[in-house]
Structure formats: C-alpha cells, structure tokens
Amino acid sequence: MAREPEVRIREFEESRDERAWIELFNAYFGYYYGREFEPLDEDDIEWFKNSPWWRDSQVFVAEVSGEPVGIIRPVVDRQREPPKGYIWGFAVKPELEGSEVDRKLLRKAVEWLVLQGAKAVQANARDNMKARIKLYEEEGFKLIRPFSVMRLRPPDLRDDLRPNREVRLRRANPLNNEEDLKILNRLENEAFSEHFDFRPSSLEETRAFLEHEGYEDLVAFAYLASKPVGFVIASVSKNLPELEFKRGIIMDIGVLKPYRRKGIGTALMLEAINWIWSKGAEVVELSVDDDNPTGATVFYARLGFKRAFRTLVYLREL
C-alpha cells in the first residue's frame, strides 16, 4: 500500500513564502466565498507585516514533498489578562482539507500559543465550512458566538427612515489629524466597552486599522452641540472597478450609550451607505454579533439589511 506523503510544518520565511501565502489563502477562501471573495494581494501582506498585530504572531507553513500546501497565523494578544490567542489566515489547498495538513497546522498553532502564555484560543469559520467546523470541534473548540454578515442593495433601503435632524455629521481625517485619531479611539472604546471580546484599542491600533493603502475609507463623527457622540467607518477597495462583486463595507459604527435610539445611528449609517454607493459599490456589507447588547441586528434589518451568512466563533481553553 502506498505511503501517505509526510506533512512538514515549518516557520514562514519572509521574501520567500509571500507568494505561497497569497495563493493558498485565495484558493481556500475563494472556494468557500465564490464570486464574493476579494483576493489577497501583496498590499495586504505588507499591511499585515507593518501592523501592530504582526509583532505577536507567527506564520506556519505546511509542506508536502517540498510544496507549500497550507498556512496558518496564530496571534497572541498580550494586552489581555490572561493573554488570549487567535487563529487568523488559516488556509489549505481545498482538496487537502480534512487531511492531516490542516490538523497538524492547527495543532502547531495551538502549541505555539501555549508557549506564548495564551490561556485560550479563538477561531472563526463561515457557516458553510463544514470540514473546518468539524476539525475545530474534534480539536476541543466550542461554539460560543454567531455573527451575521448582512447586506443591503439600493432597492432594499427603506424610504421611511428618520435620522436625527439635530445631529451634525463631520467627516474626519484620523490619519492626518491627531485630534481626530484621539476622538475616534475614544468613541470606539467607549461605545464598544460592553461588547463581546472587547478590550480597549490603542491609538497605534486605531491608526493601523486605517492605514491599508489598498482601501479608501470614510470616517465620520456625529455631534450633538459640540460633543462627539458617535462615529462610523466605511471602506471600499481601490480595486473596486475590477472586482466581480462590487462591495463596500461598514467596518465599524458606534453611538455612546446615553445617545442611542435617537436616530443618530441612522444618520451615520445613511452617511456611510450613500458614500459607499457614490464610489460605485453595488452592495453594502457589515458584520454584527447576533447577541449584540445594543440590538444592532434589529436596527440593521429596519434599514433594509438582510443576512447573507453567518460567521461562527469558536473557543478552546488551553
């Protein structure tokens, strides 16, 4: 009987493995997302390398007969107490999913996170990734949270919306204005303090989130009198005209707790939606925690958003 080729796991080598990373990521996620998938490219890799999240991560490559067939990037968040691990960019050749390739990659990532002091590890899977879900469950991960990815097309936007008429919206420039960066960071941390998996973001992280050169972003603040009480961040790819699925994304939106349910979120959403459509996008997309404490899922549905699929969040205690 023929012997199965040996799977070798090694560390990522910069200036050697970037192309394999891109090809594996695009093959795997393209298989599950189809025409909706936006391919990873060199700009994405460079953004990762220059972000604060690169410092506490390690990329591992799986090889069979010297050929890269899988990749995984565990990250340890040392700003949490105790430290917590995350699995990012976990991709294998689709035809090898369910083999020892993805299992050995996952075990290597968990092993590395344990050595870094992580006490738990969190990972995500789209709801149609049955083999990935099965692997997580077999390796001791438990489903802890579903997130809905919701989408809006122009005909679906409700025409009876009532945005707050007293609120003043201002487009901000956090990358070139330090005060805007501080306002955004403060609003984000205060608005999301009660949410799942929250920890305060640093100014460096808030800045890095917006620094990807492959995307154009809108940042807008909502003011009542002179007080900033909410924000929205929207993004579109600079490659949008070439993409088959022309999507813009609401990356983040928040309103401070005392000012919710007053039409401020509606005003911010309309600002972001109209900006996205002005850039040529045909679909507006966002992701929301199904158990969001603010009732955001119902709010988005009232605007006309509809669920496209779910992202499932898994956790394993270490």
Hey, among the residues in region 87-113 that are in contact (Cβ under 8 Å) with a residue 40 or more places away in the chain and β-branched (Val, Ile, Thr), which one's nearest to Glu18 (Cα to Cα)?
Val92
Report whether or not Ile276 is assigned to a helix (DSSP H, G or I), under 21 Å from Phe37 (Cβ atoms) and either free of Cβ contacts under 8 Å to residues at least 60 places away in the same chain or assigned by TED's automatic domain parsing to the domain that holds Glu36 (or both).
yes
For region 118-133, check the following and say yes or no: at least one residue is assigned to a strand (DSSP E or B) and of a type in the set (Lys, Arg).
yes
List the residue pairs whose Cβ atoms are under 6 Å apart, where the first residue sits in region 281-300 and is in contact (Cβ under 8 Å) with a residue 12 or more places away in the chain, the second is among the aromatic types (Phe, Trp, Tyr) and buried (at least 19 other Cβ atoms within 10 Å of the Cβ), and the two are 6 or more positions apart or on different chains.
Ser287/Phe147; Asp289/Phe147
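In region 212-229, what residues are loosely packed, with under 13 Cβ neighbours inside 10 Å and in contact (Cβ under 8 Å) with a residue 60 or more places away in the chain?
If the condition is that a residue be loosely packed, with under 13 Cβ neighbours inside 10 Å and in contact (Cβ under 8 Å) with a residue 60 or more places away in the chain, then Glu213 is the only one that fits.
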Count of region 139-183 residues which are within 25 Å of the chain's Cα centre (by Cα) and either under 30 Å from Leu318 (Cβ atoms) or not polar (S, T, N, Q) (or both)
27
Applying the selection to region 285-296, what residues are over 30 Å from Asn239 (Cβ atoms) and surrounded by 17 or more Cβ atoms within 10 Å (Cβ to Cβ)?
Asn292, Thr294
For region 248-284, which positions are farther than 25 Å from Glu190 by Cβ, surrounded by fewer than 19 Cβ atoms within 10 Å (Cβ to Cβ) and in contact with a strand residue (DSSP E or B) (Cβ under 7 Å, 6 or more places away or on another chain)?
Lys279, Val283
Residue identified as surrounded by fewer than 15 Cβ atoms within 10 Å (Cβ to Cβ), without any contact (Cβ under 8 Å) to a residue 40 or more places away in the chain and closer than 17 Å to Tyr314 by Cα among Lys84, Lys130, Lys119:
Lys130
Just checking, how many residues over region 173-211 are surrounded by 14 or more Cβ atoms within 10 Å (Cβ to Cβ), among the small types (Gly, Ala, Ser) and over 24 Å from Phe48 (Cα atoms)?
1
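The values are calculated or read from the model by the stated rules, or taken from the named source; none is laboratory data. Please read all numbers here as calculations on a predicted model, not as lab measurements. When we count neighbours, we look across all protein chains shown, and the Cβ atoms used for this are built from the backbone with ideal geometry, even at glycine.
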